[in-house]
Amino acid sequence: MSKVCFGVDIGGTTVKLGMFDEEGTLKYKCEIPTRKEEDGKMIIPDICDKITEILTINEISKSDITGVGLGIPGAVADDGTVLKCVNLGWGIFNVGEKFKEIFGEVNVKCGNDANVAALGEMFKGSAEGEKNMVMITLGTGVGGGVIIGGKIITGVNGAAGEIGHMPMSDDEEGTCGCGKKGCLEQYASATGVVKVTKKILNSTDKASKIREIENFTAKDVFDMAKSGDEIANLAVDELGKYLGKAAAHISCVVNPGVFVIGGGVSKAGQFLIDRIEKYYKEYAFFASRDTKFILASLGNDAGIYGAAALILS
Ligand SMILES: [Zn+2]
């Protein structure tokens, strides 16, 4: 067997692992549950055990591993120190050092999961070959990854790319998960679009099919908008407006070649892209008005591809 590397995406519920060859072709993938009990102290040992098991099954020796890339749901400094990972129960420690302590000497690289997913889309996804790109992940919250000149921009303490917490409104009364008011993710996430829709519904007597759905989701809002529902379209418009404006701000700072839109909400497809683009063009500086918006293509595998890319690129 030739050389292999591992891309590991540590999530709050599952850890995804992928084994890649030197060209970055995925050879094997699996997932294990994330054991968060006892401050998440079993997470790294579990990953080490699983990698050892995969090596045994595939008859590969430890010396054939070129490295292990880890995507972590929190701020990660360039040396692999996590500053605090509330999702996993982790405090402050160096993940790379811990990994080597348990697994043995191996090249380990760590990155924030949203940044790593962006790297994955640049490595083998819809932004393949694009060295200047920004990924916006629309899920329960809004995540982001900024890659300039082929390098992830992490900033002084790993907080670069926290697009979801860009301040967008002074009038917001609700509080964001981060403690501030008026963050992008309060409008442009799956939960945000539902909240915005409810607000519009409460402000008018206009008929809408959404009124008939109990506990409607972001998907319902998009489905209804596609079928021409006026209220749903107002909500999608609001989301498009906030995202278009946020992207225009980002373009003024880093001028990417492309914005990649991923996450659960991106399943709304081109309909969503068109809506963001419409507002982006209104807000963008003239020199970056034609920046492309595309859908992510790796789905849940973006993290393992990106983690492998930490080793391979
Ligand atoms: Zn926030």
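Excluding C5 itself, what net charge comes from residues whose Cβ is under 12 Å from its Cβ, given Lys and Arg +1 and Asp and Glu -1?
Details: positive: K3, K27, K109; negative: D21, E22, E23, D64.
Summing Lys/Arg as +1 and Asp/Glu as -1 gives -1.
Quick check on packing: order 135-141, 285-291 by the mean number of other C-beta atoms within 10 Å, highest mean leading.
Numbers: 135-141: 24.6, 285-291: 12.6.
Descending mean neighbour count gives 135-141, 285-291.
Among DSSP bridges having both ends in the range 130-297, what percentage is antiparallel? Round to the nearest 5. Intermediate values should be presented prior to the final figure.
Numbers: 9 of 18 bridges.
Restricted to the range 130-297, the bridges split so that about 50 percent are antiparallel.
Pairs K219/K241; K29/K278; K131/K181: which are spaced more than 28 Å apart, C-alpha to C-alpha? It would help to have the intermediate numbers written out before the result.
On the way: K219/K241 18 Å; K29/K278 38 Å; K131/K181 33 Å.
Result: K29/K278; K131/K181 exceed 28 Å.
Counting only residues 5 or more places away or on other chains, whose amide H sits under 5 Å from the amide H of A75 once H atoms are built in the peptide plane?
Long-range HN contacts for A75: L83, K84.
Loop only by DSSP, 13 or fewer other Cβ within 10 Å of the Cβ. Give me the trypsin sites (Lys or Arg not before Pro) in the range 42-129 that pass, ordered by residue number.
Details: sites: K50, K62, K84, K98, K100, K109, K124; in loops: K84.
Passing sites in the range 42-129 are K84.
Using C-alpha positions alone, give me the convex hull volume of the chain per residue in cubic angstrom. Intermediate values should be presented prior to the final figure.
Details: hull volume 42.9 nm³, N = 313.
Looking at the chain, the number lands at 137 Å³ per residue.
Semi-axes of the equivalent ellipsoid for the range 127-257, please: Cα gyration tensor eigenvalues, times 5, square-rooted, ordered largest first, whole Å.
Details: eigenvalues 185, 53, 27 Å².
Here the semi-axes work out to 30, 16, 12 Å.
Pick out the long, greasy-scoring helices in the chain: whole DSSP H runs spanning 24 Å or more along their own axis by Cα, mean Kyte-Doolittle at least 0.5. Present the calculation step by step, with values, prior to reporting the outcome.
Working: long enough: 230-254 (35 Å, 0.66).
Flagged H segments are 230-254.
Just to check I understand the Karplus step: with θ = phi - 60° and J = 6.51 cos²θ - 1.76 cosθ + 1.60, what whole-Hz values come out for the range 77-84, glycine and proline as x?
With coefficients 6.51, -1.76 and 1.60, one gets 6, 4, 8, x, 7, 8, 8, 3 Hz.
Find the relative contact order for the chain and round it to a whole percent, using C-alpha pairs within less than 8 Å whose residues are 6+ positions apart. Before the final figure, lay out the partial values.
Details: 671 pairs, mean separation 65.9, N = 313.
The normalised contact order for the chain reaches 21 percent.
Run the reach check for K206 against lysines, Cα to Cα strictly under 19 Å, same-chain hits fewer than 8 apart removed. What comes back?
Partners found: K195, K198, K226.
Select from T25, A117, I261 the residue farthest towards the positive end of the dipole of the chain; place +1 on Cβ of Lys and Arg, -1 on Cβ of Asp and Glu, and compute about the Cα centre.
I261
If you put +1 on each Lys and Arg Cβ and -1 on each Asp and Glu Cβ, how big is the dipole of the chain around its Cα centre, in Debye rounded to 20?
On the way: 34 positive and 42 negative charges, 88 e Å.
The calculation lands at about 420 debye.
Can you classify the range 230-309 as rounded, prolate or oblate using the Cα gyration tensor, where a ≥ b ≥ c are the square roots of its eigenvalues, rounded means a/c under 1.5, and otherwise it's prolate if a/b beats b/c and oblate if not?
Numbers: a/c = 2.55, a/b = 1.20, b/c = 2.12.
Verdict is oblate for the range 230-309.
Every number in this text was worked out from the coordinates using simple rules, so none of it is lab data. Predicted, not measured: the structure shown is a model, and the values here were computed from it. Note that each Cβ is placed from the backbone with ideal geometry, even for glycine, and that neighbours are counted across all protein chains shown.
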